[in-house]
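Remarks on the structure that follows.
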Amino acid sequence: MQGKIIKGIGGFYYIHVEHYGVYECKAKGVFRNRKIKPLVGDNVEIDIIDEADKKGNIREILPRNSELIRPAVANIDQALVFFAAAQPEPNLGLLDRFLLQMEFKGIPTIIGFNKCDLADVSKIEELRDIYKACGYPLLFVSVKEGKNLEELKSLLYGKTTALAGPSGVGKSSLMNWLLPEAEMETGAVSEKIKRGRHTTRHSELFHLGEGTYLFDTPGFSSLYLNDFTDETLKNYFPEFTEYEDECRFVGCNHVNEPDCGVKQALELGKISPVRYEHYVQMYQELKEQRRY
């Protein structure tokens, strides 16, 4: 019987099998010997030990089509990165680092801005302008008012999606809307610091319907640049690609070089100055690391 690992706690793995429910399973020792650790999101074959109590053993882990290290999860089809448009103000530097990681892993990403009922029209237009050239699907929603949630739900259908974003932006509220029986704790945003308390305690995959899973990842606050160098960073900003042929130098890094097609596009307003500024900051950070 085949299913998907939706949760792993204390050596037990909970496997969701379409139309049959959830089985509590242990992984056979053979995986330890092969140094393979089952991950949430793994598709597995299981042997049923007790159908009445829904218990079994994981017999085989099927090949993974993707794998993330932080958080540890497999077979993600896409990511939904969720920020608030206001309260708290979106940390776009953090958002761009997340997009960078997903580009590196080749995982398609949807950008969702929640609490658009609390942001004025000019703020929403400003965010739209920053991200329209990147090519990512961009949604402005209000979980509180139910705005654009059906459109968001349609983008999740039939896929396994990683939901990620900082605390306090409404991820748990979104989960409660998508799957009321999940009854996730919703942490109020701290009035004092206007930032969310961490409310997600462990990684778990939620079944939303036929072939549709949502992985709620623990809140994140920083993303490292270990996978990149100052020379490769530019390859993960999709809006640069179209203009690189116009650079005078092959291998142009789009920072200090003259006659740079990307910088010309920037001056013409075709590339967001905010995104470009984040690129330069990360480029300098990586260059500094290389020196040491």
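Among the trypsin sites (Lys or Arg not before Pro) found in region 204-265, those both in a DSSP coil and sparsely packed, with 11 or fewer other Cβ atoms within 10 Å of their Cβ, are Arg248. Helix 273-291 and the longest principal axis of the Cα set of the chain meet at an angle near 80°. With a cut-off of 20 Å, note down the residues of region 77-94 whose backbone N falls inside the zone around a label point 7 Å from the Cα of Glu285 toward its beta carbon. Under 20 Å, as judged by backbone N against the label point of Glu285, lie 81-84, 89-94 of region 77-94.
What FRET efficiency, computed as 1/(1 + (r/R0)^6) with R0 = 30 Å and r the Cβ-Cβ distance, is obtained for Glu145 and Val22, rounded to the nearest 0.05? Plugging the Cβ-Cβ distance into 1/(1 + (r/R0)^6) gives 0.35. Taking 0.36 nm per residue of separation and subtracting the Cα-Cα distance, full extension of the segment from Asn256 to Leu62 would add 65.1 nm. What's the extension gain from Lys35 to Glu51 if we count 0.36 nm per residue and subtract their Cα-Cα distance? Length gained between Lys35 and Glu51: 2.8 nm.
With neighbour counts taken as other beta-carbon atoms within 10 Å, the residues Arg291, Arg32 rank, fewest first, as Arg291, Arg32. Compactness of the chain, taken as the C-alpha radius of gyration over 2.2 N^0.38 Å, stands at 1.11. The alpha carbons of region 1-146 stretch over 59, 33, 24 Å along the principal axes, in descending order. Ignoring the sites themselves, the chain has its longest run without GluC sites (Glu not before Pro) in a DSSP loop having at most 14 other Cβ atoms within 10 Å at 52-144. Based on the Kirkwood radius over alpha-carbon pairs, what value in µm²/s does the Stokes-Einstein equation return for the translational diffusion coefficient of region 250-292 at 4 °C and 1.567 mPa s? Diffusion coefficient, whole number: 116 µm²/s. Legend: ranking of residues Val169, Val44, Val17 from fewest to most surrounding C-beta atoms inside 10 Å; resulting order Val17, Val44, Val169. With a cut-off of 13 Å between beta carbons, the residues surrounding Asn57 carry a summed charge of 0, where Lys and Arg count +1 and Asp and Glu -1. Entry note: region 2-63 has Rg to Rh equal to 0.93, where both radii use alpha-carbon atoms and Rh is the Kirkwood radius. Residue separation times 0.36 nm, minus the C-alpha to C-alpha distance between Leu179 and Phe249: what's the value? Answer, rounded to one decimal: 20.0 nm. Kindly point out, ordered by number, any Cys in the chain whose beta-carbon has no other cysteine beta-carbon under 4.7 Å away. By the Cβ distance rule, which asks for a partner under 4.7 Å, the isolated cysteines are Cys25, Cys116, Cys134, Cys260.
Among Gly165, Gly112, Gly56, the residue with the largest mean-square fluctuation in a Gaussian network model of the chain, with springs joining Cα atoms closer than 10 Å, is Gly56.
Only the coordinates and a few stated rules stand behind these numbers; no lab work does. Because the structure is a prediction, the values reported are computed rather than measured. Every residue, glycine as well, gets a Cβ built from its backbone with ideal geometry; the counts of neighbours run over all protein chains shown.
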